[in-house]
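Heads up, the thing below is written out as structure tokens.
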Amino acid sequence: MGAANGYANGKVAYSQPELSKYEKVVEFIMHRFRFLFVVPFLLPLGVVYNWFFELRNWFVFNINSAPKAHDRKVQRVQAQVRRWNESGQKTKMCTARSGWLTMSFRFPLYKQSMTQIRTDTLIDILEIDEEAMTVRVEPMVTMGQITRFLIPRGFTLPIVPELDDLTVGGMINGCGVEASGKKYGMFQHICQSYELVLADGSLVTAKKIEGKPVNQEESEMHTLFFGIPWSHGTIGLLTAATIRIIRCRPFVKLVYYPTNTLDEMKLRLNAEAENKENEFVEALMFNKDKGCVMRGRFSDGPLDKTGVINRIGRWYTKWFYTQVEDIVDDGKVVTQFIPLRDYYHRHSKSIFWELKEIVPFGNNVLFRWFCGWMCPPKISLLKATTPPTLRKLYDRQHVLQDMLVPMDQLTKTIEVFHEEVEIYPVWVCPFRLPSCPGMLRQRSGASQMFVDVGAYGVTLKKDYHPQETTRRLEAFVRSVKGFQMLYADTYMTRAEFWEMFDSSIYDWLRAKYNCRKAFPDVYDKVCKAARY
Ligand SMILES: Cc1cc2nc3c(=O)[nH]c(=O)nc-3n(C[C@H](O)[C@H](O)[C@H](O)COP(=O)(O)OP(=O)(O)OC[C@H]3O[C@@H](n4cnc5c(N)ncnc54)[C@H](O)[C@@H]3O)c2cc1C
Ligand SMILES: *[C@@H]1O[C@H](CO)[C@@H](O)[C@H](O)[C@H]1NC(C)=O
């Protein structure tokens, strides 16, 4: 593998966390028995928290107070930015959202030393426009909140990234990938406009213009629109987004194709991803050879009694990925009808396959019947209650990476993952990458289908070293003209980072809108040194 070259010249050094003997013992116990805290305390707390917000959101939408309140909330954000300016632009600005609340497993280090702008009241769905087929939402609205709101009305977002608690703001300023990406691209590609507070405190609407822009301002807003995705809040503060919606149907007709080799999986995945009839395509690999490609289409449900309905969202059902594993073991093609919302959140209940590390018996039938309705635990609560020493332990063997690579590099990528981390299941999710300006650009010439390869869990590799291994993975991904998702640990140097991402309009926007003074550089927000 010619990928290791980058590391030898790497100038950044991070120490592998060293543990004392005492720490090791304490941690072993805490790690093994964490469920004694999670199950009786965190699970019920999460449920109460969710109930409270569901009730609150239902109420707020029905008395229609959100649109009026929105203007006030935005004015408050603007006032904070103006105050920052008037007090001499001393430190840079960032959102005040606490580290434990974000879905990324890391905590930011940079926040304490910055001017924190409170955006945490921006949590409401503002309006749905059934004619224009759009929904306008505030940035802290979560995916679970949107599906709960839209699906009963017969609509859905074209792309609903997995995990209920992912936010619109995170999906836009970071990125979002899902099984419908093969049709619609990434989350940024279903957005129509962003309302932003810029460094001078002004409120603007960055909007994609179809055809030729008529004036300078329109053309600037067009550029700004493409500059926001992946910028991690370093160009402006998002206060609302208008997102496309589509009509949906109550079920997904899902066909599972077990595959026996990597090549077979790749061929099948590619064919299903290219098939225009399919709405959803993803694959799971359970080891280097065996996997399952799944393709879904909207459906009204089974036509006759022979059709199988699988309500995977019910609290007592087996974790979805383990059901897929059973199908792979059987080796036969299976067709099922899955309620749409259950399908969208199919990996939520088990937090992909992370929950088994925290509640080892979480998929046990008794646990599911008695406690399944409280799952998954809130990631934010888990983060807030993980003691630093336990985090050190996680760091040693725990991997969380998504690599976005061109489809023709898929098999190679899985082989590299196998060699470096050997974590299964591997999540494989194809998505389109339309050619448009911005940080993320096709660098492989033709406009290729891309695929997200995700490894989440505890590595089997004894010689795993967080920094060295990740740097080798990153070097490989750069060499195939792919991208690393930035919520994960990135050990790239600044130069390597800008080799992976396109800085041309980013730099231009940063200069034009006084961002260099106002916000940190995106690299300084996401690199390993900025997070713990
Ligand atoms: C277990 C797990 C599973 C995951 N599954 C998926 C998946 O299926 N699909 C997928 O696409 N991703 C997935 N992710 C990754 C996910 O994309 C990132 O974690 C995401 O960026 C974090 O989202 P968040 O809503 O917590 O946003 P945050 O982490 O809060 O925000 C992300 C960035 O955007 C900035 N930002 C947020 N709001 C604003 C605002 N209003 N104004 C300016 N800047 C703002 C923040 O400063 C931050 O830099 C997963 C992550 C984990 C840990
Ligand atoms: C920023 O502050 C300066 C001085 O305090 C002031 O002159 C200027 O008008 C402010 N800019 C904006 C956009 O408010």
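Heavy atoms only, 1.4 Å probe, whole protein assembly: order 184, 532 by accessible area, highest first.
532, 184
Sorting 427, 315, 373, 498 by accessible area (1.4 Å probe), largest first, what list results?
Working: 427 10, 315 100, 373 130, 498 60 Å².
Of 427, 315, 373, 498, the descending order of accessible area is 373, 315, 498, 427.
Could you tell me which of 384, 425, 400 has its Cα farthest along the dipole of the range 381-485 towards the positive end, charges placed at Cβ (Lys, Arg +1; Asp, Glu -1), taken about the Cα centre?
Positive-end residue among those listed: 384.
Quick check for the range 280-392: number of Lys pairs with alpha-carbon distance under 20 Å, counting only pairs 8 or more apart or on different chains?
12
What does the convex hull of the alpha-carbon atoms of the range 57-168 project to on average, in nm²?
Working: hull surface 33.8 nm².
Result: 8.4 nm².
Can you give me the P(r) profile for the range 167-275? Cα pairs, bins 10 angstrom wide beginning at 0, each as a whole percent.
12, 34, 25, 17, 9, 2
Show that you can apply the helix-only estimate: for the chain, add -39,500 (n - 2.57) for every DSSP H stretch of four or more residues, divide by all residues, and state [θ] at 222 nm to the nearest 500.
Values: 21 runs with 193 residues, N = 532.
Value at 222 nm, helices only: -10500 deg cm²/dmol.
Show me, for the range 408-423, the HN-Hα J-couplings you get by feeding each phi into the Karplus relation (A = 6.51, B = -1.76, C = 1.60, θ = phi - 60°), rounded to Hz, glycine and proline as x.
Each residue's phi maps through the Karplus curve to give 6, 9, 4, 5, 4, 4, 5, 4, 5, 4, 4, 5, 8, 10, 6, 10 Hz.
Over the chain, what percent of the accessible surface lies on carbon and sulfur atoms, probe 1.4 Å?
55
With unit charges on the beta carbons (Lys and Arg positive, Asp and Glu negative) and the dipole taken about the Cα centre of the range 91-160, which residue among 94, 109, 150 sits farthest to the positive side?
With unit charges placed on the Cβ atoms, the residue in question is 109.
Across the range 94-221, what fraction of all alpha-carbon pairs, as a whole percent, falls in each successive 10 Å bin from zero upward?
The distribution over the range 94-221 is 11, 37, 35, 15, 1, given as percents.
Which whole-number value in Å² is the accessible area per residue of the range 483-532, probe 1.4 Å? Walk me through the numbers before you get to the answer.
Working: 1790 Å² over 50 residues.
On a per-residue basis, the range 483-532 sits at 36 Å².
Leaving out ligands and nucleic acids, and using a 1.4 Å probe, what accessible area per residue does the range 250-343 come to in Å²?
Each residue of the range 250-343 exposes 46 Å² on average to a 1.4 Å probe.
Charges only on Cβ, +1 for Lys and Arg, -1 for Asp and Glu: so what's the dipole of the chain about the Cα centre, in debye to the nearest 20? Display every interim value, and only then the final one.
Numbers: 70 positive and 58 negative charges, 225 e Å.
With only Lys, Arg, Asp and Glu charged at Cβ, the dipole is about 1080 debye.
Take every Cα-Cα distance within the chain, group them into 20 Å bins from 0 onward, and report for each bin the whole-number percent of pairs it holds.
The distribution over the chain is 21, 59, 20, 0, given as percents.
Quick one: what Rg and Dmax do you get for the range 231-317 from the alpha carbons, in Å?
Just the Cα atoms of the range 231-317 yield Rg and Dmax of 17.8, 55 Å.
Using the Cα centre as the reference, give the magnitude of the dipole from point charges on the C-beta atoms of the range 76-144 (Lys, Arg: +1; Asp, Glu: -1; all else neutral), rounded to the nearest 20 debye.
Numbers: 10 positive and 8 negative charges, 162 e Å.
So the dipole magnitude of the range 76-144 works out to roughly 780 debye.
Over the Cα atoms of the range 370-512, what radius of gyration and what Dmax do you get, in Å?
Gyration radius and largest Cα-Cα distance of the range 370-512: 17.2, 57 Å.
In debye, nearest 20: dipole of the range 437-532 around its Cα centre with unit charges on the Cβ of K, R (+) and D, E (-)? Could the numbers behind the result be given before it?
Values: 16 positive and 11 negative charges, 36 e Å.
Computed about the Cα centre, the dipole is about 180 debye.
Are there any GluC sites (Glu not before Pro) in the range 195-237 that are in a DSSP loop and have at most 13 other Cβ atoms within 10 Å? List them by number.
Working: sites: 195, 210, 217, 218, 220; in loops: 210.
Here the GluC sites (Glu not before Pro) that fit, given the DSSP loop and packing criteria, are 210.
Give a quick list of trypsin sites (Lys or Arg not before Pro) in the range 275-324 that DSSP marks as loop, anything other than H, G, I, E or B, with at most 15 other Cβ atoms within 10 Å.
Values: sites: 276, 288, 290, 295, 297, 305, 311, 314, 318; in loops: 276, 288, 290, 305, 311, 314, 318.
Filter output for the range 275-324: 276, 305, 311, 314.
The values are calculated or read from the model by the stated rules, or taken from the named source; none is laboratory data. Every value quoted in this text rests on a predicted model; they were computed, and no experiment measured them. As a convention, Cβ positions derive from the backbone with ideal geometry for all residues, glycine included, and neighbour counts pool all protein chains shown. In case anyone asks, the SASA skips ligands and DNA or RNA and just uses the protein heavy atoms, side chains included. Shrake-Rupley method; radii C 1.70, N 1.55, O 1.52, S 1.80 Å.
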